[in-house]
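A.B. asks: I'd like to ask some things about the structure below.
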Amino acid sequence: MEIIRLVAETKAKISKFKEEGKSIGFVPTMGALHQGHLSLTEQSVKNNDITIVSIFVNPTQFNNPNDLKTYPRCIEDDLEKLSKYNPDIIFIPEVEEIYPEPDTRVFNFGQLDTVMEGKNRPGHFNGVAQVVSKLFDIVTPDNSYFGQKDFQQVAVIKQMVKDLKLSVNIVPCPIIREEDGLAMSSRNMLLSDVQRKNASKISETLFKARNLAAELNVTQLKNWVVEEINKNPYLSVEYFEIVDDTTLTQINSWDEDNVKVGCITVQVGKIRLIDNVTF
Ligand code: PAF
């Protein structure tokens, strides 16, 4: 496990691996690693000759400066966790390495960026596309691994790969949950004990909603989920949408012939948590 901080050094290493005909797996992260990130790393190590994990808190994807400031950073702890999976390179660049000058690119993802997280965090996915495209350019991976908790992010990145005609294969990986069902997230560590305890109500309600879909229509179910979660004084639903898994357009009826995903964002005090379930 080699730690590299410079773009040029990373590129040189990778071009050597490529000359040797080795496949490259890539796991981009912002650190504060949990079992979700480690499961991506494990899969990459299993399915590629070389695995690179990046740890970079990308400033351009934070539309809220306080969120960027408080985003958890714990590199030593991250490195210890990663060492158990033995990826080949951990790429930990400084902001100036990734953005020697400001990135002024504006991506157009249409509908994918105007709903849910895109609507509620303007500029967020543009920042994600900026950094992921730069990282792909440096790492030139064959396969790149992303958690399905960030369901909309996966859709946006797949679209970006298509638009930029990149040859990387995007591998979505299942949500990893805590024992009580809460989707693992780096932000969970920012919750107080009482907030953390109550946050399990989010996944609990989504799982119940899956069963209730046989009895309630789409609108009734959406209202039920929002009311149920908002009953808890620690939780406040920002949105709950049930969407087509590819276009992210809203579903109006269970009869529609597509894969339906219920996506939620809940404010727990100052912390925003997201989760989703497939119906
Ligand atoms: O999902 C994340 O942690 C980030 O959005 C990503 C993909 C590493 C880009 O900064």
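A.B. asks: For the range 136-157, enumerate the residues that are part of a helix (DSSP H, G or I), touching a residue at least 60 places away in the same chain (Cβ under 8 Å) and in contact with a Leu (Cβ under 8 Å, 6 or more places away or on another chain).
C.D. replies: F136, Q152, A155
A.B. asks: Looking at G110, G36, which one is more than 15 Å from the ligand (Cβ to nearest atom) and out of contact with any His (no Cβ under 8 Å at 6 or more places or on another chain)?
C.D. replies: Just a single option satisfies the conditions, and that option is G110.
A.B. asks: Need pairs with beta-carbon distance below 9 Å; first residue under 16 Å from G147 (Cβ atoms) and among the acidic types (D, E) and within the range 41-62, second part of a loop (DSSP other than H, G, I, E, B) and at pLDDT 95 or above; sequence gap 6+ or separate chains.
C.D. replies: Short answer, once both residue conditions are applied: E42/Y85.
A.B. asks: Same structure again: For the range 7-33, how many residues are away from the ligand (no atom under 16 Å from the Cβ) and either buried (at least 24 other Cβ atoms within 10 Å of the Cβ) or charged (D, E, K, R) (or both)?
C.D. replies: Going through the range 7-33 one residue at a time, the tally reaches 8.
A.B. asks: A further question follows. How do the pairs read when you match residues in the range 161-179 that are within 22 Å of L135 (Cα to Cα) with residues anywhere that are among the basic types (K, R), using Cβ under 6 Å and keeping only pairs 6 or more apart or on different chains?
C.D. replies: If the second residue must be among the basic types (K, R), the pairs left are I170/K158.
A.B. asks: Which of the residues that make up the range 17-41 are within 12 Å of the chain's Cα centre (by Cα) and part of a strand (DSSP E or B)?
C.D. replies: Hits for the range 17-41 are V27, P28, T29.
A.B. asks: Just to be sure before I move on: is S133 outside any loop (DSSP other than H, G, I, E, B) and closer than 22 Å to Q35 by Cα in the structure I sent?
C.D. replies: Against the criterion (outside any loop (DSSP other than H, G, I, E, B) and closer than 22 Å to Q35 by Cα), S133 does not qualify.
A.B. asks: If you don't mind, another one. All but one of (1) within 16 Å of the ligand (Cβ to nearest atom); (2) in contact with a strand residue (DSSP E or B) (Cβ under 7 Å, 6 or more places away or on another chain) hold for F62, so report the exception by its number.
C.D. replies: Unmet for F62, out of (1) within 16 Å of the ligand (Cβ to nearest atom); (2) in contact with a strand residue (DSSP E or B) (Cβ under 7 Å, 6 or more places away or on another chain): (2).
A.B. asks: Turning to a different aspect of this structure: Can you pull out every residue in the range 113-130 that is within 13 Å of the ligand (Cβ to nearest atom), part of a helix (DSSP H, G or I) and not small (G, A, S)?
C.D. replies: E117, H124, F125, N126, V128, Q130
A.B. asks: Go through T219, T246 for me and flag whichever is surrounded by fewer than 20 Cβ atoms within 10 Å (Cβ to Cβ) and at pLDDT below 95.
C.D. replies: Being surrounded by fewer than 20 Cβ atoms within 10 Å (Cβ to Cβ) and at pLDDT below 95 holds for just one of T219, T246, which is T246.
The values are calculated or read from the model by the stated rules, or taken from the named source; none is laboratory data. From a predicted model like this one, the values you see are computed outputs, not experimental measurements. In this analysis, Cβ positions are derived from the backbone assuming ideal geometry, glycine residues included, and neighbour counts consider all displayed protein chains.
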